[in-house]
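Before any comments, here is the structure.
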Ligand code: TYM
């Protein structure tokens, strides 16, 4: 089943846990912003996913609005895109149940994020954490999305989404559009600055692990200076030198320069030079976002009204898909 707009539809989501960092921005949010003209866009702060890890309720609420504000500050324009909060639309959880009943245990058990997250939270391995991908599939399928712009870590969840949608359509009748992942060529897996073997993540502990979008210039400079590299000295794009490669890729994205010209720029220069240049471009690129957030965050009522308006305008799409799925499986 497809939708009627002449533009292809994009859906994507982000969790309001921890702080939004450069990985989220370069792997996903930046692309949401850049392609707003081209597509019909639906973006979601996925707070129901966030409770798969134990949260402080008040903090979760605050973080949810904070993240929505940051997304607006990044350039999500609600004249072109919908931006809402997952728990505002009940059909997400409701469709997830129907999908749960149509995903084999074996498929779900293969999800590497469940394994990672349960290793990190051994005291709270709950059923929701295991079923997380079904809720994510519901998010996407409810809106008949064509494309899902995400970082590389979400690829496996997207495959599961496609599989369950195709199986459902085959077994019960046409219900879901089959979405395709949109994963950027560069920036799909930004690595931790303190450990370039592991991806930059909101939950990692190290104080120099991630650059957050609201970090001050001093903090950004400190984190860049402390970034782990290697004991060689020439500055070239070489994937086997993970720390250096990660810094160069971030530099490449922000400056939009070619790899050749970046290598020429740093020829004969040391890592210290690269790190300072990198800090500078990050600071300058984040400055307008931070300035815009400082204004937007003063007006919580504005943020809330934008979210509610978006949720109200897209709820009929979600209801329509859910009612169809419900009917097809024989629920009254
Ligand atoms: P989340 O909140 O972990 O991350 C949001 C987006 O940022 C991307 N990302 C990264 N990209 C590059 N390098 C990194 N180090 C990095 N870390 C995170 C993620 O791939 C993601 O695109 N399960 C999802 C949220 C979700 C969702 C959805 C996404 C729920 N429902 C439906 C798309 C469609 C998640 O936890 O993202």
Checklist entry - If residue 103 passes every condition in (1) within 14 Å of the ligand (Cβ to nearest atom); (2) more than 18 Å from the chain's Cα centre (by Cα); (3) surrounded by 17 or more Cβ atoms within 10 Å (Cβ to Cβ) but one, which one does it miss? => result (1)
Next on the checklist: Which numbered condition in (1) farther than 16 Å from residue 20 by Cα; (2) surrounded by 18 or more Cβ atoms within 10 Å (Cβ to Cβ) is the only one that residue 211 fails?
Outcome noted: (1)
Next on the checklist: On the basis of being more than 12 Å from the chain's Cα centre (by Cα), modelled with pLDDT under 95 and away from the ligand (no atom under 16 Å from the Cβ), does residue 1 make the cut?
Outcome noted: yes
Checklist outcome for this item: Taking the stretch 163-189 and keeping only residues that are in a loop (DSSP other than H, G, I, E, B) and in contact with a strand residue (DSSP E or B) (Cβ under 7 Å, 6 or more places away or on another chain), one is left with 179, 189
Item to check | Test: residue in the stretch 133-151 that is more than 11 Å from the ligand (Cβ to nearest atom), assigned to a loop (DSSP other than H, G, I, E, B) and farther than 23 Å from residue 40 by Cβ | outcome: no
Item to check | Subset of the stretch 100-132 [assigned to a helix (DSSP H, G or I) and in contact (Cβ under 8 Å) with a residue 60 or more places away in the chain] | outcome: 117, 120, 128, 129, 132
Checklist entry - In the stretch 134-152, is there at least one residue being within 19 Å of the chain's Cα centre (by Cα) and farther than 25 Å from residue 35 by Cβ? => result yes
Item to check | Index of the failed condition, residue 240 passing every other in (1) within 30 Å of residue 118 (Cα to Cα); (2) more than 16 Å from the ligand (Cβ to nearest atom); (3) in contact (Cβ under 8 Å) with a residue 12 or more places away in the chain; (4) out of contact with any helix residue (DSSP H, G or I) (no Cβ under 6 Å at 6 or more places or on another chain) | outcome: (3)
Next on the checklist: Suppose we filter 75, 23 for residues that are more than 15 Å from residue 140 (Cα to Cα), touching a residue at least 40 places away in the same chain (Cβ under 8 Å) and within 13 Å of the ligand (Cβ to nearest atom); which single one remains?
Outcome noted: 23
Checklist entry - Name the residues in the stretch 26-57 that are more than 8 Å from the ligand (Cβ to nearest atom) and part of a helix (DSSP H, G or I), would you? => result 30, 31, 32, 33, 34, 47, 48, 50, 57
Item to check | Selection count, the stretch 192-203, where residues are near the ligand (Cβ under 10 Å from one of its atoms), free of Cβ contacts under 8 Å to residues at least 60 places away in the same chain and farther than 13 Å from residue 22 by Cα | outcome: 1
Checklist entry - Just one of 83, 160 is surrounded by 17 or more Cβ atoms within 10 Å (Cβ to Cβ), touching a strand residue (DSSP E or B) at 6+ places or on another chain (Cβ under 7 Å) and at pLDDT 95 or above; which is it? => result 83
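The values are calculated or read from the model by the stated rules, or taken from the named source; none is laboratory data. This one's a predicted model, so the numbers in the text were calculated from it and none came from an experiment. Heads up, the Cβs are rebuilt from the backbone with ideal geometry, glycines too, and the neighbour counts pull from every protein chain shown.
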